[in-house]
Structures are given as structure tokens and as C-alpha cells.
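Undergrad: Mind looking over this structure? Questions follow.
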Amino acid sequence: VQLQASGGGLVQAGGSLSLSCTATRRTGSNNGMGWFRQAPGKEREFVATISWNGGTTYYADSVKGRFTISRDNAKNTVYLQMNRLEPEDTAVYYCAVARTAAASTSAYYYQYWGRGTLVTVSS
């Protein structure tokens, strides 16, 4: 399974960006999916996750109320709508496919990872 993420870029603080991630096979449609990010000099951290049917979602406290994860299984695609962006959101964002159908907050439970897309938020 290959994952292709897109939608990153440069935005001013307070602005919005929408990320998308498409899996090359339908495997992702039966699995939970998630977004993680890694800022310069920091470890990778969990951002958001969604179960296989979209019925369950979890968010990191730092993005709760600002980011929304969703998915379209017909398109094998997961989305991350990011609003009210802050400079602290600057990072490379990675999408991933979980090992199970559940939404998972731990990177341990993910088996496939995309290459990442850079999001830069200027102050």
C-alpha cells in the first residue's frame, strides 16, 4: 500500500489548510487511518485518527476544536481540515493506515506510512 499526501504549504497564523491522503489500494478502506506530525527537532506526535467507517475519531488536545479528520472510503482518501492554524502547528504531516479497523492514537498500531507533506505556519 502506498499513501500519497498532499495539501501542505505556507499559511499565516489564523489561516486554514486542508490535507488529503489517498491509498493506492482499498486496504485503507477497511482500516483505521490517522495523521501524525513531526516538527523540526521534535519527535513524531499523534494528531488525529478515524475508524474504518468514520464512526470514531480522536484528536490530540493541541488540535481539538481546530482540526477535523474525515474519510471517503469510495476514494480511499482521508482528509485533515486544519483551521485557526498556529505557528506551533508547523511540521511535516504524515498519514498512516492502521493495522486494525479501529481508530488508534499510537503510532505502534500503524502499518503503512505516507511520505509526509510540509505545513508551515508563519506568525
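Undergrad: (1) closer than 21 Å to Leu10 by Cα; (2) surrounded by fewer than 18 Cβ atoms within 10 Å (Cβ to Cβ): which one isn't true of Tyr79, the others all being true?
TA: All conditions are met except number (2).
Undergrad: Run down Ser51, Ser104, Ser62 and say which single residue is within 18 Å of Leu17 (Cβ to Cβ), at pLDDT 95 or above and of a type outside the set (Asp, Glu).
TA: From the options Ser51, Ser104, Ser62, the qualifying one is Ser62.
Undergrad: Follow-up. I'm checking my understanding of the structure. Among residues of the stretch 42-73 that are open to solvent by 90 Å² or more (accessible area, probe 1.4 Å) and not in a strand (DSSP E or B), which one is nearest to Arg99 (Cα to Cα)? Show your work before the answer.
TA: Just the residues of the stretch 42-73 that are open to solvent by 90 Å² or more (accessible area, probe 1.4 Å), to begin with: 42-44, 52-53, 58, 61, 64.
Restricting the remaining residues to those that are not in a strand (DSSP E or B) gives 42-44, 52-53, 61, 64.
On the way: Lys42: 25, Glu43: 22, Arg44: 19, Trp52: 11, Asn53: 15, Asp61: 24, Lys64: 24 Å.
Within the stretch 42-73, the match that is nearest to Arg99 (Cα to Cα) is Trp52.
Undergrad: May I ask you to list the residues in the stretch 1-15 that are modelled with pLDDT of 95 or more and either out of contact with any strand residue (DSSP E or B) (no Cβ under 6 Å at 6 or more places or on another chain) or at positive phi (or both)?
TA: Gly7, Gly9, Gly14, Gly15
Undergrad: Still on this model: Against the conditions (1) more than 11 Å from the chain's Cα centre (by Cα); (2) modelled with pLDDT under 95; (3) open to solvent by less than 40 Å² (accessible area, probe 1.4 Å), where does Asn30 fall short? Just the number, please.
TA: Status for Asn30: all satisfied but (3).
Undergrad: Test each condition in (1) closer than 19 Å to Val121 by Cβ; (2) among the small types (Gly, Ala, Ser); (3) buried (at least 17 other Cβ atoms within 10 Å of the Cβ) for Gly15 and report the one that comes out false.
TA: The single condition Gly15 does not satisfy is (3).
The values are calculated or read from the model by the stated rules, or taken from the named source; none is laboratory data. Just so we're clear, the structure is a prediction, and the values are computed from it rather than from any experiment. Cβ: placed from backbone, ideal geometry, glycine included. Neighbour counts: every protein chain shown. Side chains included, ligands, DNA and RNA excluded: accessible areas come from the protein's heavy atoms. Shrake-Rupley method; radii C 1.70, N 1.55, O 1.52, S 1.80 Å.
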